[in-house]
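One structure is given below, encoded as structure tokens.
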Amino acid sequence: MDVECIGGVTAMDDFLIKFFPEVYKRKLHAREDNYCKYDNQILQLFTSSLYLAALFASFVASKVCTKFGRKPTILVASSFFLAGAGISSGALNIWMLIIGRILLGIGVGFGNEAVPLFLSEIAPVQHRGAVNILFQLFVTIGIFLANLVNYGTAKLHPHGWRVSLALAGVPAIFLFIGSIVITETPTSLIERGNEVAGHKALKKIRGVEDVNAEYEQIKLASDIARQVKHPFKELMKRSSMPPLIIGVLLQVFQQFTGINAIMFYAPVLFQTVGFKNDASLLSSVITGTVNVLSTLVSIYAVDKVGRRKLLLQACVQMFISQSTIGGMLLVHLKATSNTLTTTQAGFVVFLVCLFVMAFAWSWGPLGWLIPSETFPLETRTAGFAFAVSSNMFFTFLIAQAFLSMMCHMRAYIFFFFAGWILVMGLFALFLLPETKGVPIDVMVERVWKKHPVWKRFMDD
Ligand code: BGC
């Protein structure tokens, strides 16, 4: 929610007049058409400073995660969120705003590093996917609420933006309380030498007395991990490449589905259906609801049908929707005139929902799940930091480039994303191993050493 709030806030005139008066003046005189929306790189760079801060913070978070555990890392994340929300909502000048953004970014870096790892380690193997996807569920609920909040506060002059930025601190309060009450993962306890506490924690979270088999797996993984003094160096070895390549590519592909571009552009599409003034509310309610509900589908399906089938099915669905949207707009939506009939525009909205739906039960959640469950313990936090930072980098890149790209490529931008979806489908088909039902600490033996392509990397 902290991340998503700002999009709506930077669209509020009160906010622009106070902090970016030049941008506001230019916005008033900007010439817009259906494809070329007002685009200000400086404003976008300000928004994206969060992703850049998160990108670097995730590496620091990886160290904190290994040395002190997942639980304190989550506590640090929530503290940064709270500080960031406080400073940005009370900002008196641009510097306070920028510091607020950076603090929030550090929070995102720490949170995105520690929460998925925490969930994957704490979950019983047969429900690991479902438990991990709770992370994405909170992300989607956050997006939904942030859009609703912004819709309401945009009407509160002149301090509505402050309310939005302050409310972004509410989820952080829950995270803060959560980080105090949760149990540290047995893996992290055992890895840091607290074997008795680790054994006890394992019994507690599994709810049974006999946890010896799992304990032995974790113990073995920890003994190996403790011999590795430099995880980032270890990560550069040939045998670490398979999970690293997969983890990074999943993030690149996740962003190149075009999800953030589609969600951003959705209000414009909704306007063409005829909901003039309330298009942005309507589009966020509809796409937001589809996003949350489809994430629930993923929670239900991921440990039953497996990761690969979800990703592949979604590629087909997303490819069809992106290329059909592209085709419809190419034929019917000109730069300055909208020739879509209500039925056609309604169909485009349906396609947007079809796209968001597919993303939300596949590449959205699994982009976080798979990298959190495929690294061996010795490179887990370091490897996952690469996944988090790649996500941040590509989210930043798309955010920075999307509006200019759309202005130049027009409807073809949807074919651009469709092309990427084809590539990621082939990747999932040939290179992605299935990790459903495999205990996290035996991935190397049971997954990487058995895969027809990746086993060649595993000889050392
Ligand atoms: C992605 C975000 C995206 C969100 C949409 C997440 O998994 O990382 O970039 O906005 O899903 O629900």
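Worth pointing out:
- Filter result for Phe350 (within 23 Å of Phe416 (Cβ to Cβ), out of contact with any His (no Cβ under 7 Å at 6 or more places or on another chain) and not acidic (Asp, Glu)): yes
- For Phe359, the conditions (1) away from the ligand (no atom under 11 Å from the Cβ); (2) crowded, with 24+ Cβ neighbours inside 10 Å all hold with the exception of (1).
- Only listed residue being outside any loop (DSSP other than H, G, I, E, B), in contact with a Leu (Cβ under 7 Å, 6 or more places away or on another chain), within 16 Å of the ligand (Cβ to nearest atom) and at pLDDT 95 or above, chosen from Gln317, Gln322: Gln317
- Top-ranked residue of segment 397-421 - restricted to ones that are away from the ligand (no atom under 15 Å from the Cβ) and surrounded by 21 or more Cβ atoms within 10 Å (Cβ to Cβ), ranked as farthest from Phe319 (Cα to Cα): Met406
- Residue among Met443, Met424 that alone is in a helix (DSSP H, G or I), within 16 Å of the ligand (Cβ to nearest atom), in contact (Cβ under 8 Å) with a residue 40 or more places away in the chain and open to solvent by less than 20 Å² (accessible area, probe 1.4 Å): Met424
- Yes/no for Ser222 being away from the ligand (no atom under 12 Å from the Cβ), modelled with pLDDT under 95 and assigned to a helix (DSSP H, G or I): no
- In summary, Arg206 fulfils each of the numbered conditions (1) in contact with a Ser or Thr (Cβ under 9 Å, 6 or more places away or on another chain); (2) away from the ligand (no atom under 16 Å from the Cβ) with the single exception of condition (1).
- Counting only residues that are farther than 27 Å from Pro433 by Cα and more than 14 Å from the ligand (Cβ to nearest atom), segment 287-311 holds 0 of them.
- Among the candidates Ala399, Ala345, Ala335, Ala385, the residue that is among the aliphatic types (A, V, I, L, M), at pLDDT below 95 and touching an Asp or Glu at 6+ places or on another chain (Cβ under 8 Å) is uniquely Ala335.
- Total residues in segment 127-143, condition aliphatic (A, V, I, L, M), in a helix (DSSP H, G or I) and more than 9 Å from the ligand (Cβ to nearest atom): 5
- Answer residue from segment 362-391, given it is within 11 Å of the ligand (Cβ to nearest atom) and of a type outside the set (Gly, Ala, Ser) and is nearest to Val316 (Cα to Cα) among those: Trp363
- Leading residue by the ranking (farthest from the chain's Cα centre (by Cα)) among those in segment 446-460 that are assigned to a helix (DSSP H, G or I) and without any contact (Cβ under 8 Å) to a residue 24 or more places away in the chain: Arg456
- Flag for Ile99 being open to solvent by 20 Å² or more (accessible area, probe 1.4 Å) and more than 27 Å from Ile262 (Cα to Cα): yes
- Filtered residues of segment 324-352 (kept if within 25 Å of the chain's Cα centre (by Cα) and either among the basic types (Lys, Arg) or open to solvent by 30 Å² or more (accessible area, probe 1.4 Å) (or both)): Phe350
- Scan of segment 278-314 for residues that are surrounded by fewer than 21 Cβ atoms within 10 Å (Cβ to Cβ), assigned to a helix (DSSP H, G or I) and at pLDDT below 95, ordered by number: Ala279, Ser280, Leu281, Leu282, Val285, Ile286
- Selection of first residues in segment 59-82 that are open to solvent by 40 Å² or more (accessible area, probe 1.4 Å) and of second residues that are among the aromatic types (Phe, Trp, Tyr) and modelled with pLDDT of 95 or more, restricted to Cβ pairs under 6 Å at least 6 apart or on distinct chains, gives the following pairs, ordered by first then second residue: Val76/Phe110.
- Single unsatisfied condition, Phe394 versus (1) away from the ligand (no atom under 15 Å from the Cβ); (2) closer than 30 Å to Leu354 by Cβ; (3) open to solvent by 20 Å² or more (accessible area, probe 1.4 Å); (4) out of contact with any Leu (no Cβ under 8 Å at 6 or more places or on another chain): (1)
- Here the condition is being surrounded by fewer than 24 Cβ atoms within 10 Å (Cβ to Cβ), within 19 Å of Lys71 (Cα to Cα), of a type outside the set (D, E, K, R) and more than 16 Å from the ligand (Cβ to nearest atom); of Pro124, Pro158, Pro186, Pro171, it holds for Pro124 alone.
- The one condition in (1) in contact with a Phe, Trp or Tyr (Cβ under 9 Å, 6 or more places away or on another chain); (2) open to solvent by 10 Å² or more (accessible area, probe 1.4 Å); (3) within 16 Å of the ligand (Cβ to nearest atom) that Gln251 fails to fulfil: (2)
- Counting only helices (runs of 4 or more DSSP H) wholly contained in segment 1-101, the ones carrying 1 or more residues that are within 20 Å of the chain's Cα centre (by Cα) and of a type in the set (A, V, I, L, M, F, W, C) occupy 2-9, 41-68, 70-89.
- Remark: Val163 matches the filter, which requires a residue to be away from the ligand (no atom under 16 Å from the Cβ), part of a helix (DSSP H, G or I) and not acidic (Asp, Glu).
- Scanning segment 371-391 for residues that are surrounded by fewer than 24 Cβ atoms within 10 Å (Cβ to Cβ) and more than 14 Å from Glu234 (Cβ to Cβ) yields a total of 1.
The values are calculated or read from the model by the stated rules, or taken from the named source; none is laboratory data. All of these numbers come straight from a predicted model, not from anything done at the bench. Every residue, glycine as well, gets a Cβ built from its backbone with ideal geometry; the counts of neighbours run over all protein chains shown. These accessible areas exclude ligands, DNA and RNA; they are computed on the full protein's heavy atoms, side chains included. Shrake-Rupley method; radii C 1.70, N 1.55, O 1.52, S 1.80 Å.
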